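Chemist: Structure provided below as C-alpha cells; questions to follow.
Taken together, the values in this text are just the output of simple stated rules run on the coordinates, not laboratory data. In this text, all values refer to a predicted model and were calculated from it rather than measured experimentally. Here the Cβ positions follow ideal geometry from the backbone for every residue, glycine too, while neighbour counts run over all protein chains shown.
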Amino acid sequence: MDVTKLYRRLLRLYPASFRQEYEGAMDRQFRDEQSDAKGWKEKVALWLHALGDVATSAPRELARELSQDLRFALRVYCRRPVSAVIAIGTLALAVGASTGVFSVTSALLLRSLPFGDAPRLVELRFSPFSAGNGRAGFRNWKNHTSYLEDAATFSTSEMNLNSGRDALRVRVTETSANLFSLLEVQPYRGRTFTPEEDQPGQNHVVVISHRLWQQAYGGNVSVIGSVAHLDGAALTIIGVAPSRFDYPGNVDIWVPTVFDFEVIPKHGAFLWETVGRLRAGITMHQARQEFKADVARVDPKSLQPNSTSIPDLVGLGNQLSSQIRTSVLILFSVVLLVLSTASANVAQLLLSRTAERHQELALRSALGASRSRLIQQLTVEATALTLSGAAIGMVVALLVARVASAVMPAQLATQNYTLLDWHVLCFAIALALIAGLVFGIMPSWLIGRIQPSTQVVRVQAGSSEPVTARFRSVLISLQVAFTLTLLVSSFTIGSAFLRLIHTDLGFQPAKAVMLKVSLEGAKYQGEGAKWQYYSALKDRLQSLPGVRAVGAVNYLPLSKNVLMAGTIQVESGRKVSGVVLNGSMPGYFKAVGSRLISGNDFGFDLSKSPEPPVIVNEAFARESGLGNGIVGRRIVSPWTPRPYLVTGLVTTARMAGPEYEGGPQAYWPVEEEPPSALTFVASVSGDPRNYLTRCRDAVVSLDRSVPIYDVKTLNQSLDETMERPRFYTASVLFLAVLALLIAVAGVYSTCSRAITQREHELGVRIALGASIQQIRGMILRQGAVPVVFGILAGIAGAAGCGLIVRHLFVGINASDMTAIIIPSLFLLLIVIGTAWSATTRVLAIDPIEAIRAEH
Amino acid sequence: MAISAKDVDQFLPLSLPVFHMLLSLSEGERHGYALKREILRRTDKRINLGSGALYGAINKMLEQGLIVESDERPDPHLDDERRRYYRITTLGLRVARAEIARLRALVQLAEVRLGIPDPV
C-alpha cells in the first residue's frame, strides 16, 4: 500500500471538524517530510514520530470536539426540555428494567461459580451407589466410576444449634469428608475435614459458615476448638468457611456425618445428593452416557420414561440456576420487548426533531460543515441522551435487582444479583452506546444528503417526507405489535393469578397463626415427655384470650416441607399410592379451618378407642374408590402391620399453595409416636398479626430452652407462596402498562406531526369545502393502516409469547382466545382515541393562513 | 475593544511550542509547515512538532484569537496558494509579551537565589 494513503487512513482517527479543517495540510506536510527524509532510517523515524503524534493528538482533539458538541447538545435540549425529559425518562425505565433483569441473568448464567475449575463440577440427579452400604459402599463406587475423578455426597436439613447462649435453628449439611476438597474451597479460618473424618468416632467436628461465625460468635477466632451442640450432639468447631460460601444453598454448618446415623439422629426424609468432578478430558456428553450405564447397573427401573424423576448428570452451574432460569429468561425477553418499544419511540422523537431542525442543519451545511460533521453532532446529541437515560436507569435497575433478590433469590450467596458486575455494566453501557449510535445515524441517513442549496433560507419542511413517513409507519406498527404482545401476556398471566387467588385451599388461612417448636436436643426425650410438653403448650396457647382453637401437625400446608409419602392399602384391597403421612393433634382441623366432612376429630385419650384411628382427606377417599363411605373402613400402612380405622374425612388441603392440587393424605394421632418437632396452629378472632408476640411469649414462658421459629400468620405464609406468581404478574403488568403509555405517546406525537406537516394541504382541502370531520376521518383512516398491521403482528407475537409465558407458573392458559381478543380491542380503542384527540389540531387550521404561508 | 490584563493572564503560562509559534509569527506570516521547520531549527531539533500537535495548537490558538488566518499570500510565485497562512493578532502579541515578562521575572528570581551559572 502507498504509505501516504496509509497516513491518510490514520487521519480518520481525528474528529470530523478537525479533519475537515486540517486534513489536507497534514497530509501535504507528511508528504513533504517523507520526500525530505533520506535513507530508510529517517523514514522509519518519521513514521514512528507520526504514529506517536496521532496517538497523542487525536484523542485530545476528539475530547475537545466532543465537549463542544456536548455543550451544543445541552443547548439544543434545553430549548425543548419536555421532549428531552420524555425521551430520557422512557430510556431510563427501559434501560433500567432490562439492566436489572440482566443482572439476574448474569448472576445465574454468566458468572462462574467460586469453586476451583467449576465447569468440571456436576450434580448427579440420582445417586448410583447403594446408600445402605454406607461409607465403604460410597467410596467403593466413587473409586471405580469411569467418569468422575472424585465425588461427595451430602444431605441438608434444619437443626437446633446451641452454642452456649440462645438456641438457633440453622441449615446443616451432613456430608462426606471431601466436600470442601472436591469444590477446591479453602477455609477462611482453621481447617476443613480430613479424608478420614467421616468415619464413626472421628466425625464429631463441624465447619461453620462465615455468616454464622459473624452473627452467632461475633467473629471471634477463639471459637475454633470450642464445642457446639447440634440437635444435642456435642461437636468441635474446626474451621470457618470463606465469606459467602453456603453451598448447597443457605447452609451455615457442615458436619461429616452423612454415613453415621448415631451422632445426630436422623428423622424425617433423608435425601442423598451427590456432586462430582468430571475426569480431565471427558466431555459432558460422554460423562452422561457413562452415568446412565452406571445407573442402569444399579437401578434399571429408574431409567424408564414413566419414572417420577429421570436420573441425569448436569453441570453444577445449570443445576443451581435450574429453578429460576426459565422465568428469568422469559422476563428478560419481555423486558427486551419493552426496550424495543421505548427505542422505537425515542427514535421517532429524534427523527421528528431532526426533521424540524432541517433548516438549521442545511444552514450549517451551507456554512461549510461536512456531512460527517453533522452526523457526528447528531450522534453526540443522541448518545448524550441515551447515556443520561442509562445513568438514571441504574436507579431503576437497582430497584429491580433488589426486588428480584427478595422474590426469586439465587441458591448460593455468591450468585447475588448485583449491578457491580462487569457483565452488567458492559451490558448497560453497550445498550446506551448502541442506541445512541443508531438514533444518531438513522435520522441523518433518512433525512438524506443535506445539501447547501439556494433553498437554505426557506427549506421545505416536508422535503424528505416520503421516506421518514414510511419509516415512522413501520415504527408505529412495531410499537403497536410489541405493546399488544405484552398486553396479551399480562392479561393471560393476570387472569391466571386471579384464578390462583380465588382457589379454594381446603383450609382457611385468614384467621390463623402458626409457630414451630423443636425438642431436638432439649430435655424432653422419650415419647411421654414430648407428649406432655406438646399438651401443655396446646393448653397454654388455648388459654390466651381471643384464641378459638389450637392444634398441631407434622406438616402444615404452605410450609415447604419435604413430605413423606407411601402406599396405603384399603380394606377393599385397593392400594392408594403417594399418600402423605401426617400426624395431627386433636383440634388441628378446626384450628386450620379444614372442614370435617364426616366422622370426628381425634379424641384426647387414645386408650379409649378400640382400634388406632386415622383421618383421611377427600383425595384419598376418591382414590380409594370408596368416596364418603371410607369412614368406618380399615386401612393398612406399610410401616405398621396393624390396621387403622378411618374415623374421619376432611377436605383436601393444597399443601404447596394454590398452584398445586392437594394429594391424598392420611392423618393419625401424633400422640401415638410424638415427633421431635411440631407445627402449632391457632385460629383467632380479630387480626391474627396481633397474636404473634402473645403466642411466642406463651411458648417461651413454658420453657425458654426450646427453640421456637417461623412464628407468623398463615396469610403471611400464603403470601410467601404467592410471591413469585405475584411478582411475575406485577412485573409483566407493569411492563405492559409502560409499553402502552409509550405507544400512546408515540401515536399521539406522530398524528400531531402529520397534521402540522400537512397544514397547507389540509388548509386547501378545508378551503375547497371539506368539513373538519371529513378531514379528521381521513387522517384517522391513514393513521389506522400501520396500527392494524401492528395489531395483526401483535396477535402473532402474542401467540408465540403465550407459549413461553405459560412456564412462569402453574395455571396460565395460553390458548385462551378471549385473552387475545380483549386486549386487541382495548388497544385498538385506546389508539383510535389517542389519534382522534390528536386530530383536534385540525380545528386550529385557518385555511387562509395555511394557503398564504405557502406563498 | 480594549484588552485587559485579565484577558491576557488567562492564557499564561504558555506551553513551549505555542510560545515558539507566537515568536515565529511575530516576525511575519507563516504556514503550518514553515512554523514547524522554524521551531525545529531554533530549538536545535529539540522540539519536533508532529502535524497533529501542530495543527491542534493552531486550531486552539485560532479559537482563542491569538492568531488569525491570513488572506494575503506573500508571493504567489513563491508558494503554493493552497497553503494556509497565519498571522499573529494584537491579543497574541500581548500574550507573548506577557509570557516573556513572566519568564523574565522567573529567571531573575532564580538568579537571585542560585546565582548566574557559567555557560556549560
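Chemist: Taking beta carbons within 10 Å but only from partner chains, what does the mean come to for residues A:405-418? Could the numbers behind the result be given before it?
Modeler: Values: counts 0, 0, 0, 0, 0, 0, 0, 0, 0, 0, 0, 0, 0, 0.
Counting Cβ atoms of other protein chains within 10 Å of each residue's Cβ and averaging gives 0.
Chemist: Separate question: How many nm is it between the label spots at A:ILE429 and A:LEU544, if each spot is 7 Å from the Cα in line with the beta carbon?
Modeler: Modelled inter-label distance: 5.5 nm.
Chemist: Take the alpha carbon atoms of the stretch A:60-130, find their center, do the same for the stretch A:618-685, and report the distance between the two centers in whole angstrom.
Modeler: Between the Cα centre of the stretch A:60-130 and that of the stretch A:618-685, the gap is 52 Å.
Chemist: Next up: How would you classify the stretch A:711-855 from its alpha-carbon gyration tensor, with a ≥ b ≥ c the square roots of the eigenvalues: rounded for a/c under 1.5, else prolate if a/b is greater than b/c, otherwise oblate? All intermediate terms of the calculation are to be shown ahead of the outcome.
Modeler: Details: a/c = 4.37, a/b = 2.83, b/c = 1.54.
Taking the square roots of the gyration eigenvalues as a ≥ b ≥ c, the stretch A:711-855 is prolate.
Chemist: How high is the relative contact order of the stretch A:683-828, in percent, counting Cα pairs under 8 Å that sit 6 or more residues apart?
Modeler: Numbers: 37 pairs, mean separation 22.2, N = 146.
Reported as a whole number, the value is 15 percent.
Chemist: Taking Cα pairs under 8 Å and at least six residues apart, what relative contact order does the stretch A:632-691 come out at, in percent? The partial results should precede the final answer.
Modeler: On the way: 29 pairs, mean separation 9.6, N = 60.
Answer for the stretch A:632-691 is 16 percent.
Chemist: Further, regarding this structure: Residue by residue through the stretch A:549-555, which ³J(HN,Hα) values in whole Hz follow from phi under the Karplus form 6.51 cos²θ - 1.76 cosθ + 1.60 (θ = phi - 60°), with glycine and proline marked x?
Modeler: Listing the rounded values in order: 8, 10, x, 9, 8, 5, 10 Hz.
Chemist: If a helix is a whole DSSP H run, which ones in chain A reach 27 Å or further along their own axis (Cα) and hold a mean Kyte-Doolittle hydropathy of at least -0.5? Please report the intermediate quantities before stating the final value.
Modeler: On the way: long enough: A:16-36 (29 Å, -1.77); A:39-79 (59 Å, -0.17); A:81-105 (35 Å, 1.68); A:316-356 (56 Å, 0.97); A:371-407 (51 Å, 1.19); A:422-447 (37 Å, 2.09); A:465-501 (52 Å, 1.19); A:714-757 (62 Å, 0.64); A:772-805 (46 Å, 1.40); A:818-838 (30 Å, 2.10).
The qualifying helices are A:39-79, A:81-105, A:316-356, A:371-407, A:422-447, A:465-501, A:714-757, A:772-805, A:818-838.
Chemist: Turning to a different aspect of this structure: Taking A:LYS511 as the anchor, which aspartates and glutamates have their alpha carbon closer than 13 Å to its alpha carbon, excluding any fewer than eight residues away along the same chain?
Modeler: A:ASP687
Chemist: Can I ask one more? Can you list the aspartates and glutamates whose alpha carbon sits under 13 Å from that of B:LYS36, skipping same-chain ones fewer than 8 residues off?
Modeler: B:LYS36 reaches A:ASP32, A:GLU33, B:ASP44.
Chemist: Between 0 and 90 degrees, rounded to the nearest ten: what's the tilt of helix B:90-114 against the longest Cα principal axis of chain B?
Modeler: That works out to roughly 30 degrees.
Chemist: Let me ask something else. Over the stretch A:771-855, what portion of Cα pair distances is larger than 15 Å, expressed as a whole percent?
Modeler: 69
Chemist: Take each of the peptides A:421-434, A:91-104, average the number of other beta-carbon atoms within 10 Å over its residues, and list them starting from the highest.
Modeler: Ranking, from highest mean packing down: A:91-104, A:421-434.
Chemist: Using amide H atoms built 1.01 Å from N in the peptide plane, name the residues 5+ places from A:PHE602, or on other chains, whose amide H lies under 5 Å from its own.
Modeler: HN-HN under 5 Å from A:PHE602: A:GLY587.
Chemist: On full extension of the chain, what length is gained from A:PHE261 through A:TYR748, given 0.36 nm per residue of separation minus the C-alpha to C-alpha distance?
Modeler: Working: separation 487, 0.36 × 487 = 175.32 nm, distance 7.19 nm.
Residue separation times 0.36 nm, minus the Cα-Cα distance, leaves 168.1 nm.
Chemist: Separation between the A:ALA529 and A:ASP846 pseudo-spin-labels, each 7 Å from Cα along Cα→Cβ, expressed in nm?
Modeler: Each label point lies 7 Å from its Cα, and together they span 10.0 nm.
Chemist: Continuing with the same structure: Please work out how much length the chain gains when fully extended from A:ASP299 to A:PHE72, using 0.36 nm per residue of separation minus the C-alpha to C-alpha distance, in nm with one decimal. Spell out each step's value before the answer.
Modeler: Working: separation 227, 0.36 × 227 = 81.72 nm, distance 7.43 nm.
Here the answer is 74.3 nm.
Chemist: Using alpha carbons only, how many degrees (0 to 90, rounded to 10) separate the axis of helix B:51-64 from the longest principal axis of chain B?
Modeler: The angle comes out at about 80 degrees.
Chemist: Quantify how strongly other chains surround peptide A:4-17 by giving the mean number of their Cβ atoms within 10 Å of each of its Cβ atoms.
Modeler: Working: counts 0, 0, 0, 1, 0, 0, 1, 2, 0, 1, 3, 0, 0, 1.
Across the residues of A:4-17, the mean count of other-chain Cβ atoms within 10 Å is 1.
Chemist: Among the aspartates and glutamates, which have Cα under 20 Å from the Cα of A:LYS292 when same-chain residues fewer than 8 positions away are ignored?
Modeler: Counting by Cα, and skipping residues close in sequence, A:LYS292 has these aspartates and glutamates nearby: A:GLU123, A:GLU149, A:ASP150, A:GLU273, A:ASP312.
Chemist: Taking the simple approach of a point 7 Å from Cα along Cα-to-Cβ for both A:ASP2 and A:HIS49, what is their distance in nm?
Modeler: 2.3
Chemist: Report, in listed order, any pair from B:LYS6/B:LYS45; B:LYS6/B:LYS60; A:LYS266/A:LYS301; A:LYS538/A:LYS575; A:LYS301/A:LYS575; A:LYS530/A:LYS575 with a Cα-Cα distance greater than 30 Å.
Modeler: On the way: B:LYS6/B:LYS45 34 Å; B:LYS6/B:LYS60 19 Å; A:LYS266/A:LYS301 27 Å; A:LYS538/A:LYS575 35 Å; A:LYS301/A:LYS575 20 Å; A:LYS530/A:LYS575 33 Å.
From the list (B:LYS6/B:LYS45; B:LYS6/B:LYS60; A:LYS266/A:LYS301; A:LYS538/A:LYS575; A:LYS301/A:LYS575; A:LYS530/A:LYS575), the Cα-Cα distance tops 30 Å for B:LYS6/B:LYS45; A:LYS538/A:LYS575; A:LYS530/A:LYS575.
Chemist: Please average, across the residues of A:20-29, the number of beta carbons from any other chain that are within 10 Å of each residue's own beta carbon, and give a whole number. Walk me through the numbers before you get to the answer.
Modeler: Working: counts 0, 5, 9, 1, 3, 10, 7, 1, 7, 10.
That works out to 5 on average.
Chemist: Can I ask one more? May I ask you to derive the FRET efficiency for A:ASP117 and A:SER598 from their Cβ-Cβ distance with R0 = 60 Å, giving the value to the nearest 0.05?
Modeler: Working: r = 61 Å, r/R0 = 1.02.
Once rounded, the FRET efficiency stands at 0.45.
Chemist: While we're looking at this one, here's another question. A:GLU356 to A:ILE832: extension gain in nm, 0.36 nm per residue of separation minus the Cα-Cα distance? Walk me through the numbers before you get to the answer.
Modeler: Numbers: separation 476, 0.36 × 476 = 171.36 nm, distance 2.58 nm.
Roughly 168.8 nm would be gained on extension.
Chemist: Evaluate the relative contact order of chain A (contact order divided by residue number), counting alpha-carbon pairs under 8 angstrom at least 6 apart; express in whole percent. Let's see the in-between values first.
Modeler: On the way: 1440 pairs, mean separation 124.4, N = 855.
Rounded, it is 15 percent for chain A.
Chemist: What is the calculated FRET efficiency for A:GLN289 to A:ASP150, with r their C-beta to C-beta distance and R₀ = 22 Å, to the nearest 0.05?
Modeler: It comes to 0.65.
Chemist: To the nearest 0.05, what FRET efficiency results for A:GLU720 and A:ILE822 with a Förster distance of 35 Å applied to their C-beta separation? Walk me through the numbers on the way to the answer.
Modeler: Numbers: r = 31 Å, r/R0 = 0.90.
The pair A:GLU720/A:ILE822 has a calculated efficiency of 0.65.
Chemist: Let me ask you something else. Which value in deg cm²/dmol, rounded to the nearest 500, describes the helix-derived mean residue ellipticity at 222 nm for chain A, given -39,500 (n - 2.57) per DSSP H run of n ≥ 4 and division by the residue count? Don't jump to the answer; show the numbers that get you there.
Modeler: On the way: 22 runs with 439 residues, N = 855.
That calculation yields -17500 deg cm²/dmol at 222 nm.
Chemist: Mind checking which of B:ALA110, B:ALA98, B:ALA34 has the largest fluctuation in a GNM of chain B, springs on alpha carbons under 10 Å?
Modeler: B:ALA110
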